[in-house]
Every structure is written in C-alpha cells, then in structure tokens.
Amino acid sequence: MEDLFQFADTFGPARIIHIHRPAAGLKAIVVIDNTACGPAVGGVRMAPDVSAEECFRLARTMTWKNAAAGLPHGGGKSVIFGDPHMPIDRKEQIVRAFAGAIADIAGYIPGPDMGTDELCMGWVKDETGRAMGLPSAIGGIPLYEIGATGFGVAACVDVAGGFIGLDLKGARVVVQGFGAVGKHAARFLAEKGTVLVGASDSGGTLYDLAGLDLTALSALKAEGKRLHDYPRGQKLPADAVLDIECDIWIPAARPDVVRADNVGRLKTRLMPQGANIPCTAEAEKALHERGVIVVPDFIANAGGVICASIEYRGGTQRAAFDTIDERIRTNTRLVLEASRRNKELPRAAALALAEQRVRAAMATRRWR
Ligand code: NAD
C-alpha cells in the first residue's frame, strides 16, 4: 500500500493502472492524475526504461499543462515498455493490445509521445474509439508533421527573449534531441532569424558555429540516419551538447538531463523546456540564480496538446496554430512577470497559475 500511495497528494493521482498481458508481450502503466478539468489527456510513451515514478511525474506535468493552457482536460500519461524501433507489425500488435486493455478506462484519452506517433494513435482509435493526435487520413491534424510543439516553443522564446533583451536575429540556438519537438523548434526559430549552432540525438552531437543546415539535417533524420552521418560540422559525444555556448538551449529529449552535477556546464541565457521535466529542481534553481530564464515544460511545450485538443473538438489546423500562439505567449508573459514580481522561480509562478485553475475546477466536483 505504501508503495502505491507514495505519489499521492491533494491533486492525485486518481488511478495508477498496471497492465500485463504476457501472451501479447505487453507491459504498460497508465497514470490518471487529476480529472477535475475534464477527462485526462496525456501521451503514450514507448521506451524500454521508464519507471512508474517517471510515468506519474509526466502525468502530473500534464495536469498542470492542460490546466495552464485552459483546456477542458485533466492530466494522464501512459508508458508501454519496449523498444520503439521494433518491427512495425510487432509494434502494431503491442499498441493494439495496449488499446484493448485501456478501452474501458473512459477517463483517459491517449495521445502520441516519445516512441509513438499518429499511426499508433490511429490503431488506438480503431480499438477504443478515442485518441488524439490522429493521422490526417482519419481527420487528424498531423501535429508532428506541422511541428505544433516546436511552434509553441518558438512563440515562448519570442516572448521570453524580450525579458532579457535578446535579439533573435543571429541568436545562437542549441537543441538537445533533434526529434519531433527539437527540429521544429529550431525551424520556427530560424524563421525569426536564429542560427542553430549545435544539435544532438542519442548517437551524438553536431556542432558548427557557422550554423547547421536544418533542412539537410531533417532530411537525414527522415531517412532514419543519425546526426553524425551528416558530412559537415564537428562530431562530439551526445553529452557534449551541454557545453556548447549559446543564447537559447532547448532540451527536447529525456527527463532529468540537467542536474546539479552538470548544470555548471551550460552557457546560455534562455532555456525553453521542449522536453518534459528535463531539469532536476536543484538544476533549475541554479540556472535561475545565474540569471538564466527557464520557461517550464508545461508552459513552453503545451503546443502539442493544445493542437490535439482542438483536433478532438473538430477544429482546424489554422485554429490550432492561432490558439497555440495566443495561449503560449500569454502564459509565458504571465509566468515571467509573476516570477519577477514575486522574486520566485518561473516554475513556482507557473505552478501557482495552474494550481489555481485546477483548484477552481476541483471546487465544482463532488470528490475533490
Ligand atoms: P522524439 O523521439 O521525436 O525525439 C527525441 C530525440 O531525442 C531523438 O532525436 C533522440 O535521438 C534524442 N535523444 C534521446 N536520448 C537522447 C540523449 N540522451 N541525448 C541526446 N538526444 C537524445 O521525441 P519528441 O516527441 O520530440 O519528444 C521529446 C521530448 O519532448 C519528450 O520529453 C516529450 O515528452 C516532450 N514533448 C513532446 C511533445 C510532442 O509534441 N512530440 C509535446 C510536449 C512535450
């Protein structure tokens, strides 16, 4: 009992569901955190090494993200244990088995996350009748293809940059994790005049002070290659992405990559958190004390879930982009203003904003 309730507090989690179907080779965890604002929404992650605790922390992040973005959704998350690069037939079998297992958990609407995509959500919808982030063939807005989250990260940078007088023309950007979030964030920022000087994937870091060619790198990744397969630029280990001096450092890979033991290596002015929980609390505090503006994950990377929520209600791609732009700009400004006013970490200000919205929703519910 103690183990199960170690994460419990005023806000949740409402349910932690362990799914094990040995015959299908399926092991998964679903966490439904708080549903005061509406049915829980959160991605399905496929990875070999995710813990129940990480799943809970990601679900809680979704509670704050959805509430901060003013969406009619609570927070949830799920994890399927496995290698996301397994053969596609096998992946379909496992994702469909997962969908079958959650079919009657109506309080949770799955979406894509690391290791899953629109196609996976199509399979989930086929099995359960509900999923977000669907392929366009069945009425979805292809949020990975259009780069909804990266678009929101760029909008966040636009506003946050104003707080430190950062001119985006020529500003140096580094992206850790050149995937769905990272590459589009870099692309939308480049449209505002920034230069991508460093990027990494799980195979290594690529560095070029003169600027990396975004189109070429995206094409390379689309072919399933690694950044190190790119003929130009300096090739460094994956971890070296921390050491590249820049104006904007975007984490867009895994949790807890910036910690007390390595935060000193970052030389940047602004960190919009593309990834979820990329910094430990100590690291975030250290950055703040050094004057680095950290825009917390659940404010900066809400573009994807805003887009998915608009899709779920039958809205258009144009409406999705407009809403992302408006909500992320407003929230970034509100959070950074409150942080300055109250001399607190941006995360504390963002939490206060989200908590206030969740508490207001909880007040309307029978079980608080
Ligand atoms: P993705 O799988 O498309 O890309 C992740 C990238 O990170 C890949 O290029 C991978 O090689 C790289 N990577 C993995 N481990 C690494 C390491 N140790 N060092 C450097 N690079 C590494 O995933 P994504 O959808 O872009 O998600 C990235 C992060 O953003 C996750 O934390 C996810 O929860 C968060 N997020 C994603 C979305 C979305 O719309 N996709 C929305 C909100 C938040």
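The values are calculated or read from the model by the stated rules, or taken from the named source; none is laboratory data. In this text the structure is predicted, and so the values were computed from the model without any measurement. Cβ coordinates were reconstructed from backbone atoms using ideal geometry, including for glycine residues, and neighbour counts include every protein chain displayed. Protein only, heavy atoms only, side chains kept; ligands, DNA and RNA dropped before computing areas. Shrake-Rupley method; radii C 1.70, N 1.55, O 1.52, S 1.80 Å.
For segment 140-169, a residue qualifies if it is more than 15 Å from the ligand (Cβ to nearest atom), in contact (Cβ under 8 Å) with a residue 12 or more places away in the chain, assigned to a helix (DSSP H, G or I) and not aliphatic (A, V, I, L, M), and the qualifying residues are Asp158, Gly161, Phe163.
Of the residues in segment 181-198, none is hydroxyl-bearing (Ser, Thr, Tyr), within 12 Å of the ligand (Cβ to nearest atom) and touching a strand residue (DSSP E or B) at 6+ places or on another chain (Cβ under 7 Å).
Every condition in (1) closer than 20 Å to His18 by Cβ; (2) among the acidic types (Asp, Glu); (3) modelled with pLDDT of 95 or more is met by Asp126 except one, and the failing one is (1). Scanning segment 338-368 for residues that are out of contact with any Asp or Glu (no Cβ under 7 Å at 6 or more places or on another chain) and closer than 14 Å to Pro296 by Cα yields Ala338, Ser339, Glu344, Pro346, Ala348, Ala349, Ala350, Leu351, Ala352, Leu353, Ala354.
Selection over segment 317-330 of residues that are open to solvent by less than 30 Å² (accessible area, probe 1.4 Å) and either farther than 11 Å from Ala69 by Cα or touching a Leu at 6+ places or on another chain (Cβ under 8 Å) (or both) gives a count of 2.
Among the conditions (1) closer than 17 Å to Leu189 by Cβ; (2) away from the ligand (no atom under 13 Å from the Cβ), Ile244 misses just one, which is (2). Taking the criterion of being within 18 Å of Pro22 (Cβ to Cβ), open to solvent by 20 Å² or more (accessible area, probe 1.4 Å) and in contact with a helix residue (DSSP H, G or I) (Cβ under 6 Å, 6 or more places away or on another chain), the residues of segment 93-123 that qualify are Arg96, Ala97, Gly100. Summed over segment 36-90, the residues that are surrounded by fewer than 24 Cβ atoms within 10 Å (Cβ to Cβ) and among the hydroxyl-bearing types (Ser, Thr, Tyr) give a count of 2.
Scanning segment 342-367 for residues that are assigned to a loop (DSSP other than H, G, I, E, B), without any contact (Cβ under 8 Å) to a residue 24 or more places away in the chain and more than 30 Å from Gly291 (Cβ to Cβ) yields Ala363, Arg366, Trp367.
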